[in-house]
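Worksheet for the structure shown next.
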Amino acid sequence: MDPSASLADKLASKTASSNSLDSSSKSSSLGSKHGGGENGILRDTPFGYLEGEEDQDQKNDVTYVCPYRGPVFGALTITNYRLYFRSLPLRDQEPPVVVDVPLGVIARVEKIGGATSRGENSYGIEIFCKDMRNLRFAHKQQNHSRRTVFEKLQANAFPLSYSGRLFAFAHAAANSVNGNGGWDGWAVYEPLAELRRLGVPNDMWRATKLNESYAICDSYPAVWAVPKAASDDFLRRVAQFRSRCRLPVLSWMNPRTQATITRCSQPLVGVSGKRNSDDEAYLSFIMEANAQSDKLTIMDARPSANAIANKAKGGGYESEDAYKNVEINFLDIHNIHVMRESLRKVKEACFPTTDDSKWQTAIDNTLWLKHIRCILAGAVRIVDKVETMSTSVVVHCSDGWDRTAQLTALSMLLLDPHYRTVRGFEVLIEKEWLSFGHKFQQRIGHGDNKHSDADRSPVFLQFIDSVWQVSQQFNNAFEFNEHFLITIVDHLYSCRFGTFLCNTEAERVAEDLKHKTTSLWTHINSSLDQYLNPLFPSFTHGAELVLRPIASVRSVRLWKGLYCRWNPGLCAPQHGCQRTRELLSKQDQLFKLVNELRLKSNNRSNSMQTTTRLASPMH
Amino acid sequence: MATGGGGSGHGGAGSAGNADHHKRNTFTSYVAPLPGDLRATADTNEWCLPSDLRDVHLAKPRLLHGEQIVASAPAYMYSPIDPMDSSGGSGSTLSAISSASGTPADRHHKEATFGLLSVTNFKLAFVPLHEKRNQAITAPLIDLYQENTYLGRNEITLNNIDHIYTITELGRAASALQAARGMASHAGMSRRKKLEPFKQQNISGRIAALHIVCKNFRLLKFAFQQQDSKMFGASDQGKLIASALVRFAYPMRHDLSFAYAHREPYYSTLGASGTSMYATKNDWARELIRCGATEWQVVSCASVQLLQNPLQAGKYTVPPHFVIPKSCSVDRFLDLSRAFCDSRAAFWVYSYGSSAALVRLAELQPAAQQDTKSENVMLELVRKCDAGRQLKLLQLTDRLPSIQDVLRAYQKLRRLCTPETPEKFMLQDDKYLGLLEKTNWLFYVSLCLRYASEASATLRSGVTCVLQESNGRDLCCVISSLAQLLLDPHFRTIDGFQSLVQKEWVALEHPFQRRLGHVYPAQPAGGNAELFDSEQSPVFLLFLDCVWQLLQQFPDEFEFTQTYLTTLWDSCFMPIFDTFQFDTQAQRLKAVTDSQLVLRPVWDWGEQFSDKDKMFFSNPLYQRQRGDLGAQAAAVAHRRSLAVGSKGAHGAASGVTPSRNTINPQLFATASSVPQDRYLQPAHRIFDLQVWDQCYYRWLPILDIRGGGQPQVDLYHRLLLSNIAKVQRCLDYQNFDDLPDAYYEFAGESRPNQHKDEKPDKEDEAEFVDGVERRRKPTAKAATPTSGLTSVTGNLQLSTLSSFFPFGNPIAGDAPLQLYDILSSSSELLMETSSFLDKSSIV
């Protein structure tokens, strides 16, 4: 099946975790109320239209140049959400070639060939995707169909560059008309509730709404947990000494030892080695909030050379001379540009085919697994500090919204089993990534045609990859499965939901995303069964265990289920899970049977007692 | 000081040694005493040790029947690379941690364990000085992990030793401990040198340390105390050990192996219907019947007059029993086979479907290669056995690596898996995938799986497949075995797999002795090292790795586990068991008749392992189905073959010559009993393969995922089976007193507390949290513990297992009792001969 499943195989492929973008809940007849009348085009496409999805263009004479099965002729449909191609069947037995790509996944659209191009399929469109695929379509030169396809793709894939709006808004608007009676994913994360779960407020930490209108720091959340010893005025002064005013704020606290993880941006030391007594005092407050330790560890995610170089731009790192009782460590995680280049090489190695004889060297040369290793190693070091040595840790990089988020989120996942449940993981993403201002819009480029923008980077993807690595080392520790992670990645790009849009919490509030778009978690939590891990032992309330994965290239593997899923020859079936489910089902069946028998046995005992009572008058 | 002339172990062992000494003169010269051994008595303070270490002479290893100590010395044993050293994953982290850990001397001492290092005629043994004192505390925990009855945790057999490196110091060294870590000392020069068998080693300088590289991927590092050079007659302890190792670990003849000295009698517990040894004509006949191979006949050398003639037999190197086309007379076949290397003309090994056969064939001898008539005649004879008259020849020599290629790949892979220092580990890790590719190991695994798939597809299409290799005894074994694994579910059971190994590797005479390096024959004059090395090659490991890959792709299709495969590789270097010790069956027979060797098949696992360890050989995901019951089919065939025997005798009396040589399967079932729908189609690209971490990485604690890895999944499945078995038993007996914890969780109840006496014990039970022992808070006696608490505690206790379990290092917190319960209950289902589905339908 190339390169995405046909409609009939969609359910099967979903089980195989190869495609999770389409779970249509409405029949196409609903869509006809809007689209059919306007365009006068009959709805004969086999995919189910989503609420708010409308046809934009349709061509019946397009050739898809499939990298696996060669050119196939068929029909191309463009809606405001997706590009859909389905080949005309040449032989009855052969399944059609289906391409189903959300427009949000498209990074770049280019024309190939001109009016004078010769050769078969040399005139058409090439589409570069963010999810490892490149697609090529060929058109006939005579009828100018390429121009309208190209224009519609540009306008709908990059609406922000054409004064349009993202599909998430149209989708939610249509959905609200029909009524969404189910789960509200926007309610998954409530900051004060999560802080209470962590034990805040307590003797040492308090919650503050100082940033309620995002005036102190526009990229931080409205609610912060900060040391009680720091007043609001004090916090304002500390913020001035941190890059982009991102001062240290609590991410997590060990309920047993009170050791904490706090996150921030780099201090504005500069080449002159500036100091700030408030910032120094503030770190002391964080250290003193943990009675178990008289030392504070700073985890600077950068290579030390990069941290030093940042002084030239006004930044820098905490000197151990200036900050008492502070130990600084550098974690050697490279910047967004290095990561972007690394992922580009992964794509080169994985799509459309792999050179088997050079496979391992090719992956080695991407450096991707070494970057993953560095992230895992950094997270494990944080875990060791917080869990084993009961030392509080402050994590930062340059601006504190890329590598810092990777480290805090991953180390929290290792430390706290709650974050390994489905809802807990959703909270983790909402808190450490969304509320603390990872710039999703800039890193992914939602609805934006600046494909070569230097701010693009797979930082969040790398985090999800790291989570997958941990789940491969600890198969029983996670409530969710691989399909869950792939679904999150797919909708990171798809623009169908509002969760990953915008750059900061402030922007999301200003755009009113909670009311104008649907949350990804609504979608996931309403059909939870397909995302659950059968190896997660339900009868032990989750593994109450701190995870320490091995951060070595020997223990880290390329995530084939994600990076190689478009090549049908590379997808291997999974046998083990099937057997696990059989055993679980068998166990449940027997438990129910025993339950019934025990109930019957109890009833029989009651009957015997009644008989005994009846017998007593005889005496 | 141990002297070669007499054992210094137990009296019994000593007397046995004396007996051996009298019986065999060669033994005396073998263990001629070194000049350093001339001391009449061993002074306990001879080693000039500090007072607290003088008890080291008490740390003697446990000795087996016939085992003698040939050299002992106090030594420090270095632990393998520890996780803390490079958990940061970067060089700067290493230096930071080094500075944080204190002075280098302190770190070195923490890493090293002091004890007595002994060389016996069987093993290299290190006994920590304080082991006995700690034994009581650690024994229950160590029980969880694999224990071999013949080898302790810090012991390796001499057969397992591949390379011995000495680290010598030409000047006075600042610290001997530094040398062991491969670091250059400041005060002098150190040199790492490999000891070669047979070469006269004139080692200048003191041997400060030894590095032992094992064939099973283990690296052992020992350091020796620096001696005061002023002391008269002081011996170099490192040299003493190194000299003994060179002589005993690289024997020139096989009868110098410990197997010949170990005369403990063997009583077989293998059942007749279990593993087939392919040691008799009937064993092969049963397989012919099972496969429905009516066009083939078994030849037994004992019945062939030509092979009994001493003048003629020397021309042939055929195994005792083999299967040839029925249409060809034995004499003619043997005549044709002389043109082939090692007389390996077409030998049948398997049939599938109607008549498609799997045949092994050698290449023509170099002298005969110009004339291909013999080969053509042989192929035509094979073709006649195929109903469709079709045949496909797979020439393996051109497609697969040579045994030299396999050896080189293995050595590179092992170098990648045995870094001496954390720094070296990190250097490798930075370029790991590139280095792994350069070893070519996974490439060769990929090739083997590819051609095994091709062979099995050929048989599935009804075409006979002939595997041709130079002498048909190396890579032919790999492809043939794998093809049958892919086709036949019987070979995926434990008994079936063992029968397959017996058939393809032992009975058809893969030269284990040379390939595994059990013997180091003297080099001919002028011979070079490469010529010598070319005889060794871990072809069997290549096969096991391929099987492991199949196990990863089809986790519920195999009755055995990766632990079984790893243990099998370890058992190749256990000389006590004869299965993997000989090149030919004739050699094996000669060892028995000439040297009174006691034969012990490795398949009798109870000899090495307790029931607890053997449980980990069974795969909890496996479901036995009707087609897997080779044993029953074998039993039926056995009864029929008895009838054949009597008929054969009658035939002989009547003078029918052909019947005298063979059992005639045609008299019995002609249909194959092999199921046709249970074949496997593996992915065989390098892309699809993984590194067999349990076998290759288990000696690297740095890669141990505590509480993670495959063992957790395995134990989870065993827990499910345990729960199912318990509930099944409750239903059978209508008694609900012993339901598993998970049931009460499911029902939302608390487990009823019917045993009042148990409660005080439970309260005192230590609870392990993250490996730290804590007393559980005392609760009111009236309170009933909740099932949740029990489950959580139980889960915690399982969560510290090594990811290499049952290999790897045990640590505090592992809970034996719960694990035993899970294992014994789950094995009830695994061991049942009736199918799981049948059991399910009864409910």
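The values are calculated or read from the model by the stated rules, or taken from the named source; none is laboratory data. All values reported here derive from a predicted model rather than from experimental measurement. Positions of Cβ are generated from backbone atoms using ideal geometry, with glycine treated the same way; all protein chains shown enter the neighbour counts. Ligands, DNA and RNA are excluded from the accessible area calculation, which covers all protein heavy atoms including side chains. Shrake-Rupley method; radii C 1.70, N 1.55, O 1.52, S 1.80 Å.
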Check: Can you give the percent of C-alpha pairs in the range A:187-568 whose distance is more than 35 Å?
Finding: 21
Check: So which of B:Lys215/B:Lys392; B:Lys193/B:Lys412; A:Lys228/A:Lys431; A:Lys111/A:Lys347 end up more than 25 Å apart, counting from Cα to Cα?
Finding: B:Lys215/B:Lys392
Notebook entry, point to check: Long-range amide H contacts for A:Thr499: which residues qualify at under 5 Å (H placed 1.01 Å from N, peptide plane, sequence gap of 5 or more or a different chain)?
Noted result: A:Leu520
Item checked: Per-residue HN-Hα couplings for the range B:288-294 [Karplus 6.51, -1.76, 1.60; θ = phi - 60°; Hz; x = Gly/Pro] -> 4, 5, 4, 8, x, 8, 7
Next item on the list: With label points built 7 Å along Cα→Cβ from the Cα atoms of A:Lys516 and A:Lys592, find their separation and express it in nm.
Entry: 4.8
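Looking only at other chains, what is the average number of their beta-carbon atoms within 10 angstrom of each beta-carbon in B:741-749? Working shown, then result.
On the way: counts 2, 6, 7, 2, 6, 9, 5, 0, 2.
That average works out to 4.
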Next item on the list: Note the buried accessible area between A and B here, summed over both chains, with a 1.4 Å probe, in Å² to the nearest 100.
Entry: 6300
Checklist line | Phi-based couplings in Hz for the range A:352-362 (Karplus 6.51, -1.76, 1.60; Gly and Pro marked x) | finding: x, 10, 10, 8, 4, 5, 10, 4, 5, 5, 4
Next item on the list: Compute from the Cα atoms of the range A:263-352 the Rg and the Dmax, the latter being the longest Cα-Cα distance, and quote both in angstrom.
Entry: 17.0, 56
Note to self: What does the charge count around A:Leu160 come to, taking other residues whose C-beta lies under 11 Å from its C-beta (Lys +1, Arg +1, Asp -1, Glu -1)?
What the structure shows: +1
Checklist line | Pair B:Ala367, B:Ser327: separation of 7 Å Cα→Cβ label points (nm) | finding: 3.0
Check: At a 1.4 Å probe radius, carbon and sulfur cover how many percent of the accessible area of chain A?
Finding: 51
Next item on the list: Among DSSP beta bridges whose residues both lie in chain A, state the antiparallel percentage, nearest 5.
Entry: 75
Next item on the list: Grab the other residues whose beta carbon is less than 10 angstrom from that of A:His396, score K and R as +1, D and E as -1, and report the net.
Entry: +2
Notebook entry, point to check: What ratio of Cα Rg to 2.2 N^0.38 Å holds for the range A:53-163?
Noted result: 1.03
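Percent relative contact order of the range A:53-163, based on C-alpha pairs within less than 8 angstrom and at least six residues apart?
Result for the range A:53-163 is 23 percent.
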Item checked: Distant-in-sequence amide H partners of B:Val323 (H built 1.01 Å from N, under 5 Å) -> B:Val299, B:Trp348
Notebook entry, point to check: Rule-of-thumb check for the range B:458-605: C-alpha Rg over 2.2 N^0.38 Å?
Noted result: 1.13
Check: If each of B:Glu147 and A:Thr388 carries a label point 7 Å out from its Cα toward its Cβ, how far apart are those two points in nm?
Finding: 2.9
Check: Based on the Cβ-Cβ distance of B:Ser354 and B:Tyr316, what FRET efficiency does E = 1/(1 + (r/R0)^6) give at R0 = 45 Å, to the nearest 0.05?
Finding: 0.90
Check: Sorted by mean Cβ packing within 10 Å, highest first, what order do the peptides B:731-741, A:330-340 take?
Finding: A:330-340, B:731-741
Item checked: ³J(HN,Hα), Karplus 6.51/-1.76/1.60, whole Hz, each residue of the range A:523-536, x for Gly, Pro -> 4, 6, 6, 7, 9, 6, 4, 6, 10, 8, 9, x, 7, 6
Next item on the list: Pop out the carbon and sulfur fraction of the accessible area of the range B:331-383 as a percent, whole number, probe 1.4 Å.
Entry: 42
Item checked: Shielded residues, the range B:678-715 - accessible-area loss of 30 Å² or more between chain alone and all protein chains, probe 1.4 Å -> B:Arg685, B:Ile686, B:Phe687, B:Gln690, B:Leu703, B:Ile705, B:Val713
Note to self: If you take each beta carbon of peptide A:580-587 and count the beta carbons of other chains within 10 angstrom, what is the mean?
What the structure shows: 6
Note to self: Rolling a 1.4 Å sphere over the protein heavy atoms, what is the accessible area per residue of chain A, to the nearest Å²?
What the structure shows: 39
Note to self: Skipping prolines and chain starts, which residues have an amide H placed within reach, meaning under 5 Å, of the one on A:Thr79, given they are 5 or more residues away or on another chain?
What the structure shows: A:Gln56, A:Tyr84
Checklist line | Extension gain, B:Arg685 back to B:Val377 (0.36 nm per residue minus Cα-Cα distance, nm) | finding: 107.2 nm
